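In what follows, a structure is listed as structure tokens, so that the remarks can point back to it.
The values are calculated or read from the model by the stated rules, or taken from the named source; none is laboratory data. Nothing here was measured: the structure is a model prediction, and the numbers come from that model. Counting neighbours? That spans all protein chains shown, and the Cβs are built from the backbone with ideal geometry, glycine included.
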């Protein structure tokens, strides 16, 4: 019995295979699997490629996969779920039972092992999904700044550009970010980027988040302000989900995940996020995701197949997947 877990996000797609003992036997990566960032066909191709790479790595045929679960970025509204089902149906392993959810729920499963609590993603974009013990689900955000998402790597990059330009023009506080961003883009001044926009060139705003972290680590007040604001905003979104799902006397596990949360070295954003949650009327336990989100997809795939997803099984997945991850140092 083999389980397939897929984490299809805005920057990459990760596929993993595990056996009935909870041993990961393959881990593969392909391009972005969020159809909102490309097209259904392009996203389907990347998801399919990740599955094929994982199967080849494990030297198995896709027919041997008995259960598959997909965490799909972009699965936000009912209409999105229809599109994701259309995306996945042609490429699901033929013999497998399968299901899918928003990718935030993978991290919730992986972080809590119960699937109950609130997942807060801060990666390329941002999203919050909560599930209570009755199985009720609430999603907050995930649709971009136009619809009120004021977090994520792309938004941090947007603020960095805007506030750097305002500081240079005397409309805001001067910041070292201005020179750092000019160096990043290899331009003489930030307004040179207007030509990039006219040419339809992607500014790669999410790639600017580490630069903001770098400036904050050097004491830049504008960079500090950006990270603090985003941390607080993430807590506001988390509390919006908590209030709709839980009572104040209940203990709520909140799992922070995503590349900005997990790779940024400056603690300010996370501290602002935690402080706002702890100052609320709710009893919360905040943690960062310590394993790969795709572990949550494997847990869901196993549970879907009727496997007893106990502590031993979860720990086995978490430990064995480390053999397939890049070694630190």
Are any of the residues in region 301-314 closer than 23 Å to residue 113 by Cα and not assigned by TED's automatic domain parsing to the domain that holds residue 66? no
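Determine if region 55-64 includes at least one residue that is crowded, with 23+ Cβ neighbours inside 10 Å and either more than 15 Å from residue 104 (Cα to Cα) or free of Cβ contacts under 8 Å to residues at least 60 places away in the same chain (or both).
Residues of region 55-64 crowded, with 23+ Cβ neighbours inside 10 Å: none.
No: region 55-64 contains no residue that is crowded, with 23+ Cβ neighbours inside 10 Å and either more than 15 Å from residue 104 (Cα to Cα) or free of Cβ contacts under 8 Å to residues at least 60 places away in the same chain (or both).
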Could you grab me the full set of residues in region 289-311 that are touching a strand residue (DSSP E or B) at 6+ places or on another chain (Cβ under 6 Å) and either buried (at least 19 other Cβ atoms within 10 Å of the Cβ) or without any contact (Cβ under 8 Å) to a residue 60 or more places away in the chain (or both)? 289, 293, 294, 297, 298, 300, 301, 302
Residues of region 130-142 that turn out to be touching a strand residue (DSSP E or B) at 6+ places or on another chain (Cβ under 9 Å), surrounded by fewer than 18 Cβ atoms within 10 Å (Cβ to Cβ) and assigned to a loop (DSSP other than H, G, I, E, B), as a count: 1
Please state which of the following conditions residue 202 fails to meet, knowing it meets all the rest: (1) modelled with pLDDT of 95 or more; (2) under 24 Å from the mean Cα position of the chain (by Cα). (1)
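Hey, can you tell me all the residues within region 239-268 that are part of a helix (DSSP H, G or I), modelled with pLDDT of 95 or more and in contact with a helix residue (DSSP H, G or I) (Cβ under 9 Å, 6 or more places away or on another chain)? Write out each step before concluding.
First, the residues of region 239-268 that are part of a helix (DSSP H, G or I): 239-245, 259-263, 268.
With modelled with pLDDT of 95 or more added as a condition, the list becomes 239-245.
Those that are part of a helix (DSSP H, G or I), modelled with pLDDT of 95 or more and in contact with a helix residue (DSSP H, G or I) (Cβ under 9 Å, 6 or more places away or on another chain): 239, 242.
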Identify, by number, the condition in (1) in contact with a strand residue (DSSP E or B) (Cβ under 9 Å, 6 or more places away or on another chain); (2) at pLDDT 95 or above; (3) surrounded by 19 or more Cβ atoms within 10 Å (Cβ to Cβ) that residue 19 doesn't meet. (3)
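Residue under question is residue 223, and the condition is that it be modelled with pLDDT of 95 or more, in contact with a helix residue (DSSP H, G or I) (Cβ under 6 Å, 6 or more places away or on another chain), not assigned by TED's automatic domain parsing to the domain that holds residue 10 and not in a loop (DSSP other than H, G, I, E, B); does it hold?
Yes: the conditions hold for residue 223.
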Look at residue 45 and say whether it is free of Cβ contacts under 8 Å to residues at least 24 places away in the same chain and closer than 16 Å to residue 6 by Cβ. yes
Go through (1) touching a strand residue (DSSP E or B) at 6+ places or on another chain (Cβ under 8 Å); (2) closer than 25 Å to residue 122 by Cβ; (3) part of a loop (DSSP other than H, G, I, E, B) one by one and return the number of the condition residue 11 breaks. (1)
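Between 89, 42, 16, 73, which is under 26 Å from residue 143 (Cα atoms) and within 17 Å of the chain's Cα centre (by Cα)? Steps first, please.
Details: 89 fails: within 17 Å of the chain's Cα centre (by Cα); 42 fails: within 17 Å of the chain's Cα centre (by Cα); 16 fails: under 26 Å from residue 143 (Cα atoms).
Criteria check complete, one pass: 73.
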